[in-house]
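Coordinate-derived values only; no laboratory data. Quantities reported herein were computed from a predicted structural model and do not represent experimental measurements. We place every Cβ from the backbone using ideal geometry, glycine too, and count neighbours over all the protein chains shown.
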Amino acid sequence: MTVQRRGKAPSQADVARLAGVSQSAVSRVISGDAATARIPEETRRRVFDAVKELGYVANPAARAMRKQRNNLLGVHTFERVFPHAREDFYFEFLLGIEERAEETGFDLVLFTSTGAGGDGERKIYRGGTNRLNLADGSILLGVSTDRGELARLWYEGYTFVHIGRREVPGAEIPQIIPDYRTASGRIVERLAGLGHRRFGYVRDWLELEPYADRRTGYAEAVTRLGLSDTSPGLLGTPGIDEVWLEEVVGGAATAVVVESVRLAEALRERLAARGRKVPDDISVAVLEGAPADLAGQWASLEIPRKEIGRIAVDRLHAMLDDPGQRAESLLVPCPLIAGTTIAAVS
């Protein structure tokens, strides 16, 4: 069914007719409630396609306001992540954003409580209004990303970039992505170059795209190099399996790749309790940034957080200067840290 464009702005009813769904379904999809309302993905796509075709905007006044540049750059997180210490995971991202914003003439607006609920998760839309419209464009980051809100921002044409990879069906979200996949493969290659052929993998409990990238990069390298790994982590089991650990002690693996420092430290302690030392007996590498401690520096990858923050500002600036350009995502290489926790096979 085709809806004829009229002189007045399109309404939710127009979107519903074009998508062939109820108006209540349209309301739930564009408010980000599609998941909780159990609306099928196909219906969501039809609604967003209709929104895009009709040029529907929930808040036309806000859209009009955004046509006037005011050199305000927004920063929004989906949970309470603004740091209280330099050691915080997000500190370097925000430092890079602040530095580059100042260099390029932006003032920063921190959206710290927009639509916050009692669970600490933050929402972009409040009462159907995108409050990020106060800024020319925004950088979004955090773990608990609301994919429904990302899709709605994209379909409404709001200018933003997301730090970290997120899959959003039906929308091509512009993202600045640490290249965990390549870095994970390079760590495997480094261990293989030291003579390791029997590997183990310890995965965390999180099921997010950055972890999927690490797992893919690791598995691809193991297969490409003809290495051996039958560990529970590679098969999808999180944590340190005690039966597998005994097999490692018995020689089933000479190198173990771990997704987090927390799990790597637990692995080192459990190996020590069984008379095995890192790296003399077992090499261990970590697939995240790992600070040095009294036991030495973990062999790991480095997340260039400050650089990513600066790149996000530049990418947003370019999108604002040329609204018609295609918003491509960008992979940022993750350097490797040699560390003291891997060694050649003896």
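Here are the numbers for the structure shown:
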| quantity | calculated |
| --- | --- |
| Positive minus negative residues near Phe106 (Lys, Arg vs Asp, Glu; Cβ under 14 Å) | -4 |
| Candidates Asp281, Asp314, Asp241, ranked by Gaussian network fluctuation over the chain, Cα under 10 Å, top entry | Asp241 |
| Whole-number percent relative contact order across the chain, with pairs defined as alpha carbons under 8 Å at least 6 apart | 17 |
| 0 to 90° range, to nearest 10: angle between helix 305-321 axis and the chain longest Cα axis | 20 |
| Partners for Lys277 among aspartates and glutamates (Cα-Cα distance below 19 Å; same-chain residues under 8 apart left out) | Asp241, Glu242, Glu246, Glu247, Glu265, Glu269, Asp293 |
| With at most 15 neighbouring Cβ atoms within 10 Å, loop chymotrypsin sites (Phe, Trp or Tyr not before Pro) (DSSP) excluded, longest segment of the chain | 206-346 |
| Positive-end residue of Gly148, Ser24, Val258, charge dipole of the chain with Cβ unit charges | Ser24 |
| HN-Hα J in Hz across region 47-52 - Karplus 6.51, -1.76, 1.60, θ = phi - 60°, x for Gly and Pro | 5, 5, 5, 5, 4, 5 |
| Stretchable slack from Gln297 to Glu220, in nm (0.36 nm times residue separation minus alpha-carbon distance) | 25.1 nm |
| Simple Cβ-charge dipole of region 213-346, Lys/Arg +1 and Asp/Glu -1, about Cα centre, in debye nearest 20 | 120 |
| Per residue convex hull volume, Cα atoms of the chain, in Å³ | 160 |
